[in-house]
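The values are calculated or read from the model by the stated rules, or taken from the named source; none is laboratory data. On a predicted model such as this, the values are computed, not experimentally measured, just so you know. Positions of Cβ are backbone-derived with ideal geometry, glycine not excepted, and every protein chain shown enters the neighbour counts. What goes into the accessible areas is simple: the full protein's heavy atoms, side chains included, and nothing from ligands, DNA or RNA. Shrake-Rupley method; radii C 1.70, N 1.55, O 1.52, S 1.80 Å.
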Amino acid sequence: MCRSLEHLPVTCLERAKELKARFGSFLLKQELSIMGHSQKNKKRTPEDRQKWSFHELLAHKEGLCAFTTFLASEYSEENIAFYLACEEYRNTKSSSKLCAKARKIYEEFIASDAPREVNLDHETRNITLKNMEQPTLSCFNLAQSKINTLMEKDCYPRFLKSAVYQELITQHVG
């Protein structure tokens, strides 16, 4: 019969977390190439990678992928998913699709008890909800900015100390 997770050995749980993070990384690579978010510039050298700012990290495919893997290992990948959803939303060309896309983002990330709820303060939630009455390309700007700041100030420093970052630094070039 099935037993609860606390009966599993710690090594099994750690391995499951690692596999989840790697699988999530694989899925994100496919997502990024579909969204056209990746840059096809030359591979960066380990020295270049050590100089990445947070914003440069998000702008490059391998950096974004590594950061997403790290967030998945910390069970906070909803932050980067929300950030990327807002970026995609902002690039919406058809005004007729804005309302449906905005509603989907709101219900997935911002609404109370959303499946991938991000950590926003009450005031930001209310402002975003008010923006939803007449969605524009900028209706998620405040919420996205708050999550961006959270990732930059909280997650990014831990990422720089993580094994995922060290693996990114030591990857072979070419």
query = Which ones in region 90-109 are in a helix (DSSP H, G or I), among the hydroxyl-bearing types (Ser, Thr, Tyr) and surrounded by fewer than 20 Cβ atoms within 10 Å (Cβ to Cβ)?
reply = SER95, SER96
Of all residues making up region 142-161, the number that are in contact (Cβ under 8 Å) with a residue 12 or more places away in the chain and surrounded by 13 or more Cβ atoms within 10 Å (Cβ to Cβ) = 12
remark   = Cβ pairs under 8 Å, 6+ apart or interchain, first in region 96-123 and more than 14 Å from TYR83 (Cα to Cα), second open to solvent by 70 Å² or more (accessible area, probe 1.4 Å) and of a type in the set (Lys, Arg), ordered by first then second residue, are ASP121/LYS146
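Here's the yes/no breakdown for (1) surrounded by 15 or more Cβ atoms within 10 Å (Cβ to Cβ); (2) at pLDDT below 90; (3) within 16 Å of TYR165 (Cα to Cα); (4) under 19 Å from the mean Cα position of the chain (by Cα):
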site	(1), (2), (3), (4)
CYS12	no, yes, no, no
ALA16	no, yes, no, no
ARG22	no, yes, yes, yes
LEU32	yes, yes, no, yes
GLY36	no, yes, no, yes
THR45	no, yes, yes, no
PHE82	yes, no, no, yes
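Kindly evaluate ALA59 against the criterion of being modelled with pLDDT of 95 or more, out of contact with any Cys (no Cβ under 8 Å at 6 or more places or on another chain) and of a type in the set (Gly, Ala, Ser). Show your work before the answer.
Details: modelled with pLDDT of 95 or more: no; out of contact with any Cys (no Cβ under 8 Å at 6 or more places or on another chain): yes; of a type in the set (Gly, Ala, Ser): yes.
Considered against the rule, which asks whether it is modelled with pLDDT of 95 or more, out of contact with any Cys (no Cβ under 8 Å at 6 or more places or on another chain) and of a type in the set (Gly, Ala, Ser), ALA59 comes out as no.
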request  = Would you be able to tell me the number of residues in region 115-174 that are under 24 Å from GLU74 (Cα atoms) and among the small types (Gly, Ala, Ser)?
outcome  = 4
